[in-house]
Amino acid sequence: MEDKIKQLYEELIGEIRKYRPEKSLDMIENAFNFAYNAHKEQFRKTGEPYITHPLSVAIILANIRTDMESIAAALLHDVIEDTDVTYEDVVATFGEEVALLVVGVTKIEKVAYVSKTERQAENYRRMFFHISQDVRVLLVKIADRLHNMQTLEGHSEEKQRAIAQETLDIYAPLAHRLGISKLRYELEDLGFKYSDKKVYEELSQKVEIKQSERQEIIDQIMKEIRAKLEADGIKALVEGRPKRFYSIHKKMVSKEKTLDQIFDLYAVRVLVEEVSECYEVLGRLHEMYTPIPGRFKDFIGMKKSNGYQSLHTTLIGPGEPFEVQVRTFQMHSVAEFGIAAHWKYKEGGKLAKDKWLQGIMDLQRDMSGSEEFLDALKMDLDAFSERIYCFTPKGELIALVSGSCAIDYAYAIHSAVGNRMIGARVNGKMVSVNHELQTGDQVEIITSQNTKGPSKDWLKLVKTNTARTKITQWFNKESRDENIRKGREALEAVTKEIDIEEKISLDELLADGRDAELLERYNCKNMEQLYVMIGVGGLREKLVVNHLYREYEKTLPPPSNEELIQSLLDIGERQTKSKHQSGVIVRGVGDTAVRFARCCGPLPGDEILGYVTRGRGLTVHRTDCINVIHMDELDRRRLIDAHWQKDMKRDASFHTEMRIDCNNRDGLLADISRVLFEEKASVKSVNVRTVQSEAIMYFGLEVSDGGQLDFLTKKLKNVQGVCEITRVSS
């Protein structure tokens with residue numbers, strides 16, 4: 001294993017051990033080996049082996065203390081998209097939970113779209129569908145984007161700017177929305193760096209000039225605070241932190257100020273054990289320094305919707321103002337790691353749903369187009385950064401995004417209130433429905449039973465997902481029946497296409513509780529909602545039917561050997577194929593057309609098994625293939641005995657791959673190539689990597705059988721510098 005890869009893997013294991021010291025790491029080790037083999041011939045634009053990317057993504061997730069399944073999915077997140085590995089391969093080896101996380105991160109298939117924006121939007125629709133099933137998909141996606149931003153140098157400046165802007169528009173706000181400040185701030189600074197390099201470099205240079213001066217001031221302030229709290233018997237951790245570049249830039253733009261006019265470039269954070277101590281520390285700080293009016297925020301009493309809690313105050317210190325955050329250690333953990341810091345599981349081990357993500361899914365189902373959904377998503381993420389707090393006439397607190405109007409407030413109360421709204425009173429005065437609300441406003445909504453419902457113009461006025469979704473639902477109600485019909489018909493059409501002898505109806509697939517399981521799987525309240533999702537294009541009907549049939553198949557008796565053989569004969573009659581013989585014998589069929597599994601590359605002489613696929617004939621595996629060993633019980637029922645024909649044709653050839661580990665020297669590749677040429681081995685591909693004094697070579701070869709491969713191996717081991725030769729299996 002190359003030094004860089006080994007170093008990253010050891011770093012990953014070390015990070016996991018910090019917070020899961022007793023947890024078995026078998027899954028992580030298996031996922032690494034699986035991904036390493038799948039990506040073995042791939043390299044990044046930086047020139048590094050591709051495996052360094054999923055390893056780095058896994059390390060980022062370990063840094064925010066995610067679970068083992070998320071880290072395994074991070075290691076595997078590109079195998080389905082970028083290699084020959086299939087979803088079924090991942091399920092067979094790691095189970096459906098990890099496989100679904102991997103599929104959630106995988107981009108949509110390469111099909112034709114009208115524009116890049118449409119394709120990008122469709123990717124987001126697909127991603128958010130999977131996120132609604134398991135929010136950990138988003139954690140892997142954010143970590144994936146962070147490492148891509150950390151290694152963006154290999155792209156053109158145009159692509160750097162496009163990726164950086166997308167990061168600032170979507171990924172950094174998503175990290176903020178989940179409360180993961182540890183990732184959010186780095187995403188923002190990197191996005192800023194590549195989206196506007198000139199401004200970033202100018203700002204960083206100016207900040208650097210005054211850094212030492214300001215650091216002396218902040219060190220003095222921390223010393224004073226520590227001394228005061230220690231004298232008062234309050235145990236606390238006091239630390240300083242510089243403001244992030246992107247945060248400074250946003251403040252300069254929004255406040256229309258120069259850097260010299262931005263005073264609180266540094267901040268102090270005080271961490272304590274108990275909530276009561278937070279307010280006690282705040283009192284001490286206000287005794288020591290003069291607080292700036294209007295700059296105190298209590299996010300403990302009014303927790304943010306992403307779970308963030310802290311007290312914020314800005315004080316006049318020696319020289320210039322500075323910001324202080326006061327929170328408990330537990331609050332700090334949530335602030336740093338967000339949703340990853342407090343996994344909440346229901347009975348049965350399923351991750352509890354995130355309300356905001358459920359709102360996004362409602363929005364997705366009700367938006368007619370992907371680009372419309374993307375625009376709404378960006379608007380929602382942008383608005384989330386600032387919150388306002390209004391009150392009902394009874395004094396109940398309603399949290400809204402900054403810029404919300406009376407319509408947003410009405411729908412936050414209840415959809416029926418919004419749909420019947422005709423006006424509003426704010427602080428006792430009549431206002432229009434689009435009146436912008438401020439923190440502290442007391443709001444009363446005026447309704448009427450005679451109203452015809454919301455206006456389509458309201459969609460241009462509202463700021464919250466809740467209001468937008470409920471208004472859209474009102475107008476989509478008329479087309480609901482049509483979408484139900486389209487979704488049902490799409491499922492029935494795919495069901496008829498299942499390649500089985502005895503046809504089955506959709507109702508049969510949905511029987512015996514499979515409909516209830518399906519609704520839970522896709523987060524739907526009833527089958528009509530599922531049909532609508534399919535009818536509007538939010539869910540692929542083939543994916544649903546394949547899952548249903550797999551569950552239905554579990555209820556059937558195992559197919560007999562005779563039935564498997566008959567299915568092969570039927571496929572043979574239907575397919576038009578050449579007279580080329582495969583050399584694989586199945587009793588009752590004879591020499592049959594097969595596919596040789598890429599995962600293990602069987603050769604004549606190997607012990608083999610046949611897997612009778614559903615409609616595509618026979619796939620041949622070695623008996624020691626990792627996918628066969630980990631095959632689930634349902635697939636294992638479709639295995640059938642197979643063996644090689646004794647009198648194989650001499651001109652038959654089979655593909656295999658060989659890895660040669662060597663001590664590097666001049667002329668090494670030429671000497672190895674000479675042996676392969678002399679022994680008439682047909683070389684189809686060559687890949688060479690060198691690390692210091694070591695060389696690793698991969699050869700794709702066409703050989704007649706395992707005997708020829710063994711002979712080649714013996715000859716190659718005599719070449720000076722060759723240390724080890726292994727047959728590669730992915």
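The values are calculated or read from the model by the stated rules, or taken from the named source; none is laboratory data. Note that the coordinates shown come from a computational prediction; the quantities given were computed from them, not determined experimentally. Backbone-built Cβ (ideal geometry, glycine too); neighbour counts: all protein chains shown. When the accessible area is computed, the model is the full protein with side chains, heavy atoms only, and any ligands, DNA or RNA have been set aside. Shrake-Rupley method; radii C 1.70, N 1.55, O 1.52, S 1.80 Å.
Worth a mention:
- Summed over region 70-87, residues that are surrounded by fewer than 19 Cβ atoms within 10 Å (Cβ to Cβ) and in contact (Cβ under 8 Å) with a residue 24 or more places away in the chain total 3.
- Within region 475-488, not a single residue is under 21 Å from T392 (Cα atoms) and either crowded, with 22+ Cβ neighbours inside 10 Å or touching a strand residue (DSSP E or B) at 6+ places or on another chain (Cβ under 9 Å) (or both).
- Cross-chain or 6+ apart pairs with Cβ under 7 Å, region 384-400 first and farther than 14 Å from A410 by Cβ, then among the aromatic types (F, W, Y) and at pLDDT 80 or above: L397/F391
- Of the residues G601, G572, G605, the single one that is in contact with a His (Cβ under 9 Å, 6 or more places away or on another chain), more than 27 Å from K554 (Cβ to Cβ) and at pLDDT below 85 is G601.
- Remark: pairs (first residue in region 699-713, open to solvent by less than 10 Å² (accessible area, probe 1.4 Å); second residue small (G, A, S) and in a strand (DSSP E or B); Cβ separation under 9 Å; 6+ apart in sequence or on different chains) = F699/S685; G700/S685; L701/S682; L701/S685; V703/S682.
- Residues located in region 279-303, provided they are closer than 20 Å to G338 by Cβ, touching a residue at least 24 places away in the same chain (Cβ under 8 Å) and open to solvent by 40 Å² or more (accessible area, probe 1.4 Å): M302
- Residue list for region 703-720, filter: charged (D, E, K, R) and either in contact with a Cys (Cβ under 8 Å, 6 or more places away or on another chain) or at pLDDT 85 or above (or both): D710, K714, K715, K717
- Looking only at region 428-445, residues that are open to solvent by 40 Å² or more (accessible area, probe 1.4 Å) and among the hydrophobic types (A, V, I, L, M, F, W, C) come to 1 in all.
- Qualifying positions in region 326-351 - surrounded by fewer than 21 Cβ atoms within 10 Å (Cβ to Cβ), modelled with pLDDT of 85 or more and part of a strand (DSSP E or B): T328
- Scan of region 304-321 for residues that are buried (at least 19 other Cβ atoms within 10 Å of the Cβ) and either aliphatic (A, V, I, L, M) or touching an Asp or Glu at 6+ places or on another chain (Cβ under 7 Å) (or both), ordered by number: L311, T314, L315
- One residue stands out in region 473-497 among those that are within 32 Å of the chain's Cα centre (by Cα) and among the polar types (S, T, N, Q): the one that is farthest from E528 (Cα to Cα), namely T495.
- Residues that are touching a residue at least 24 places away in the same chain (Cβ under 8 Å) and of a type in the set (D, E, K, R) were ranked within region 27-49; the one that is nearest to V98 (Cα to Cα) is K40.
- Candidates in region 246-272 are the residues that are within 35 Å of the chain's Cα centre (by Cα) and among the aromatic types (F, W, Y); of these, the one that is modelled with the highest pLDDT is Y246.
- Among (1) touching a Gly at 6+ places or on another chain (Cβ under 7 Å); (2) open to solvent by 30 Å² or more (accessible area, probe 1.4 Å); (3) not acidic (D, E), the one test that A467 misses: (2)
- Reported count of residues in region 1-31, each being assigned to a loop (DSSP other than H, G, I, E, B), of a type outside the set (A, V, I, L, M, F, W, C) and more than 24 Å from N663 (Cα to Cα), is 5.
- Picking from residues in region 150-205 that are buried (at least 22 other Cβ atoms within 10 Å of the Cβ) and among the aromatic types (F, W, Y), the one that is nearest to H53 (Cα to Cα) is Y171.
- Count of residues meeting criterion [at pLDDT 75 or above and closer than 17 Å to V140 by Cα] in region 88-119: 13
- Residues that are within 19 Å of I471 (Cα to Cα) and either in contact with a strand residue (DSSP E or B) (Cβ under 7 Å, 6 or more places away or on another chain) or free of Cβ contacts under 8 Å to residues at least 24 places away in the same chain (or both), drawn from region 417-440: V417, R420, M421, I422, G423, A424, V433, N434, H435, E436
- Residues within region 489-502 that are at pLDDT 85 or above, open to solvent by less than 40 Å² (accessible area, probe 1.4 Å) and among the hydrophobic types (A, V, I, L, M, F, W, C), tallied: 3
- Counted as qualifying within region 610-714 are the strands (runs of 3 or more DSSP E) with 1 or more residues that are hydroxyl-bearing (S, T, Y) and within 30 Å of I5 (Cα to Cα), namely 654-663, 682-691, 694-703.
- Residues that are open to solvent by less than 90 Å² (accessible area, probe 1.4 Å) and acidic (D, E) were ranked within region 4-28; the one that is nearest to E69 (Cα to Cα) is E15.
Rundown of residues vs (1) open to solvent by less than 90 Å² (accessible area, probe 1.4 Å); (2) closer than 30 Å to F296 by Cβ; (3) in contact with a helix residue (DSSP H, G or I) (Cβ under 6 Å, 6 or more places away or on another chain); (4) assigned to a strand (DSSP E or B), yes/no style:
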| position | (1), (2), (3), (4) |
| --- | --- |
| Y409 | yes, yes, no, no |
| V417 | yes, no, yes, no |
| A424 | yes, yes, yes, yes |
| K456 | no, no, no, no |
| K463 | yes, yes, yes, no |
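- Leading residue by the ranking (surrounded by the most Cβ atoms within 10 Å (Cβ to Cβ)) among those in region 206-236 that are within 13 Å of I248 (Cβ to Cβ) and not charged (D, E, K, R): V207
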